[in-house]
Amino acid sequence: MSRAKESQLGQVHLLADAELDRFRIVCPGTDNDHVKYAAAATDRPCGLTPEGCEAAEDAVAVRLLGLGQNPILKMTGTGSKGDGVCPGLSNGYGRALPSSGQVYICARALEDWTDGEEIPVETFPALLIDAALGANSRLRCLVEAFAFGDMTDGESTAGTLNLTGKLPAGAKPLGGKIVVGAGFTGDTSAAADVGTSGDPDAFIDNVSVLAAATVFGKASDDGLLLAETTVQVTVTGGTDFGGITAGAATVHIFYLDLS
């Protein structure tokens, strides 16, 4: 089953990986058509469930973050009106931001709450932040996974991919890291740049992704972005991109949000 057409309330119907209750935070599941509970503050949420479902493969409504009316969310712990909210438990509850660590903030509470209470929240697209700095920090990070099979062979040494996530107008890139889960093997070398189609190494400049590792790179251009910007990943082989036969990684671009 593919995803249903979005409704006027920003609601889509997807398939559940398992039984889901109503008023919970969900994140992508086994594929683009499935969802599961956002079980930790580092799970990137995509929406809330206005109704539940009874079993795996059941269709379930998902109200997308930042769209539609203010939804209801079941909460854990205690908190106050105006507090930032992130995923927090294996059962998809919302929680107040922890005192430290990276978390996906995705909503703001519209009422005080106690443990187990269901309250209205204002949602917005999930944003990875350092909880110690708080939601008001201007330090941001764009995080997205990609794989060799997602890339377009340029019929030479390089393959490219445009990420789904974009950098906002008012972003000042600082650099980033690439966490290579599976090396881009098959050729004698594999180097990654992250930037734009006009400036391919603007955000991360020439880091090796040949083997599994975490590699860091600085921005070659840290100028202020005046418009929303599509991010391009380029992987260059030693002789020909067609020689690369595998590879999977997650790119992290750190930037200051000056908007």
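Here, each number is a calculation from the coordinates, and none is a lab measurement. Given the structure is predicted, the values throughout are model-derived calculations rather than measurements. For neighbour counting, all protein chains shown are included, and Cβ atoms are generated from backbone atoms with ideal geometry for every residue, glycine included.
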Cα-based radius of gyration of the stretch 145-259 once divided by 2.2 N^0.38 Å, which approximates compact folds
1.01
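Take every Cα-Cα pair in the chain and report what % of them are more than 36 Å apart. Write down the numbers at each step before the final one.
Values: 6561 of 33411 pairs.
Value for the chain (Cα pairs over 36 Å): 20 percent.
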Sum of side-chain charges, D193 neighbourhood, beta-carbon under 14 Å (Lys, Arg +1; Asp, Glu -1)
-2
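How big is D, in µm² s⁻¹, for the stretch 1-135 by Stokes-Einstein at 25 °C and 0.890 mPa s if Rh is the Kirkwood radius over C-alpha pairs?
170 µm²/s
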Please compute the contact order of the stretch 1-135 in relative form: average sequence separation of alpha-carbon pairs under 8 Å and at least six residues apart, divided by the residue count, as a percent.
23 percent
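Excluding E51 itself, calculate the net charge of residues whose Cβ lies under 12 Å from the Cβ of E51, where each Lys or Arg counts +1 and each Asp or Glu counts -1.
It works out to a net charge of 0.
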Sorted largest first, the C-alpha extents of the stretch 39-101 along its principal axes in whole angstrom are 36, 25, 19
Which whole-Hz couplings ³J(HN,Hα) result when phi for each residue of the stretch 40-46 is put into the Karplus expression 6.51 cos²θ - 1.76 cosθ + 1.60, θ = phi - 60°, listed in order with x for Gly and Pro?
8, 5, 9, 7, 6, x, 10
Give me M151, M75 ranked fewest to most by other Cβ atoms within 10 Å of their Cβ, as a rough exposure proxy.
M151, M75
